[in-house]
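Only the coordinates and a few stated rules stand behind these numbers; no lab work does. Here the structure is a predicted model, which is why all the values come from computation and not from measurement. Every residue, glycine as well, gets a Cβ built from its backbone with ideal geometry; the counts of neighbours run over all protein chains shown.
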There are 2 protein chains.
Amino acid sequence: MTMDERQLDLVDKVARTFRENGFHGTTMSIISDRTDLGRSSIYHHFGRGKLEMAHRSLESIEAIIHSIRQTTSSPTLSPATKWEVVRAMLHRHYEGGLLGCLLAVFAMEEVPNELRDQTGRLFSAWADATAELYRMAGCLEMDALRYAQRDVILIQGALVLSRAHGSSAPFEEALEDISEALELRTSQT
Amino acid sequence: MTMDERQLDLVDKVARTFRENGFHGTTMSIISDRTDLGRSSIYHHFGRGKLEMAHRSLESIEAIIHSIRQTTSSPTLSPATKWEVVRAMLHRHYEGGLLGCLLAVFAMEEVPNELRDQTGRLFSAWADATAELYRMAGCLEMDALRYAQRDVILIQGALVLSRAHGSSAPFEEALEDISEALELRTSQT
DNA sequence: CTCGCTGTACCGATCGTTCGGTCCACACTT
DNA sequence: AAGTGTGGACCGAACGATCGGTACAGCGAG
C-alpha cells in the first residue's frame, strides 16, 4: 500500500467512526482501535488531533460531492442515467442507509464553529451539484434548486429513520421515490 | 412552583440540552449550568444519572406524540384542521426548525441499547399517530402509513438542513409542503 | 546516520458518579 | 407556644476512570 493509499484508508476509517459515533461520541481510544494505531501515532497523521480528523473527514465528503457534480454536469448522459449513477454512489456511500451521514451528525451536534460552517457549505454544495442535473434537463433555475434541496432533505430524513429502525427500507424507498419524481420533473413537453 | 411543575421544568431543560448537544455532547456540567443545580444535586432528581435523564426526556416526547394522536383521531375535526393543529404543535416544539429533534439525535449517535430501542418505538408511534389522520380521512391503511412515514421523513430531513444552515427556511417549507400534499391525499372523489 | 513512524509513559482536565453533610419547611409531641 | 423529629432539596469535595494531547526513546528502512 502506497503512502497516499494509506492516508485515504486512514481518513476513511476515521470518517466512518465519526458517522457511527458522532463527534463527541468519537474518542481517541476508539480511533486507535479502528485504525490499529497507537493513541500517540494518531497525532503523527493528524497533527492537530480530533479537529483535524473531522476536517479531513469532511474533505473526503467534499470529494464525493465533486464527483456527483461531475456526473450531473455531463453533457452526454441523460438525466435518468445521471441519477442512476448518483443513486449508486449514494447507495454505496450510505451502505443501504445503515450508515449515517457525516454532515448530518455534525449538523445535529454542537461542534466547533469551524466544523459547523464547513458542514453548512457542503450541504449547499451537495444541493447545488444535484440541482445541476435538473438545470441541464431544462428545469428553471428556481425549480432545479428546489428539487435538489427536496432530494437532499428526503435522503437525510430517510437516513435518520433507517438508523432509528436499523432497517434499510426507509432509505431504499426514498431513493426509489426520487427516481419516480425525476421522471415527472424532467419530462419535456 | 409546585413540585410537579418543577419536575416538568427540569425535564424540559434537560431534554433541550440533549437536543442541542446530543447524548455524548451533553455533560453533567452543562446540565448543571442549564438547571442552576449543583452537579451532585442532579442526582437527587435523576437517581440513575445521565441515562435516567435521557429516558425521562424521551418520555416527554412520548407525551407529545400522544397529544398528536388525540388530535388526529378526533371524530369531529376535519383533516385540514387536524393538520393545522399538529403543524402548530410541531412548529412550537421545534421552534421553527432551529431546535433539533431528540429522537434524531439519539438515532444518529451510538447510545445505550435501551435508549436506542425506545427511540425506534417512538418514531413508529409518531408515524402511526400521524397515519391516523389519513386513515380517518378515508385513505387506505397502506397509503395512510406511507403518507405518514413520508411526513416524518420530510420533517426530519428538513430539521437537519435547518440546523446545518442555521435557518428556519427548510423546516417552514417542509411544513408547507405537507399542507399542500394533504389536500391532494385527502381529496375525496 | 538520518528520517519516518511507532509504542510507552505520562500530563492536566474533565468525565459521570458518590458521599457526607447542611438547610429548611412541616408535622408531631409536650 | 416551644421543642423535637422527619424528609426533601441541595451543595462542596472527592472518587476512579477516561478524556484529548504531549514528550521521548526506540526501531526499521533508505
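Computed values, structure above
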read-out	value
Where A:G96 falls short, out of the listed (1) within 14 Å of chain B (Cβ to nearest Cβ); (2) closer than 22 Å to B:V152 by Cα	(1)
From the options A:R34, A:R69, residue that is charged (D, E, K, R) and surrounded by fewer than 18 Cβ atoms within 10 Å (Cβ to Cβ)	A:R34
Hits in the range B:60-94 (condition: in contact with a Leu (Cβ under 6 Å, 6 or more places away or on another chain) and closer than 20 Å to B:S168 by Cβ)	B:W83, B:R87
Exclusive hit being more than 8 Å from every other protein chain (Cβ to nearest Cβ), outside any helix (DSSP H, G or I) and farther than 30 Å from B:G25 by Cα, set A:S179, A:S187, A:S167	A:S187
Conditions (1) surrounded by 17 or more Cβ atoms within 10 Å (Cβ to Cβ); (2) within 9 Å of chain A (Cβ to nearest Cβ); number of the one not met by B:T130	(2)
Whichever residue in the range B:31-59 is in contact with a Leu (Cβ under 7 Å, 6 or more places away or on another chain) and within 14 Å of chain A (Cβ to nearest Cβ) and, among such residues, is farthest from DNA strand D (Cβ to nearest atom)	B:L58
Hits in the range A:11-59 (condition: more than 11 Å from DNA strand C (Cβ to nearest atom) and touching a residue at least 60 places away in the same chain (Cβ under 8 Å))	A:A15, A:R16, A:F18, A:R19, A:E20, A:G22, A:F23, A:L51, A:A54, A:H55, A:L58
Per-region count, the range B:34-65, residues out of contact with any Ser or Thr (no Cβ under 9 Å at 6 or more places or on another chain), over 19 Å from B:T119 (Cβ atoms) and part of a helix (DSSP H, G or I)	2
Number of the condition not met by B:S124 [criteria: (1) small (G, A, S); (2) more than 18 Å from B:Y94 (Cα to Cα); (3) more than 9 Å from chain A (Cβ to nearest Cβ)]	(3)
Single residue of B:A63, B:A54, B:A80, B:A88 found to be surrounded by 16 or more Cβ atoms within 10 Å (Cβ to Cβ) and among the small types (G, A, S)	B:A54
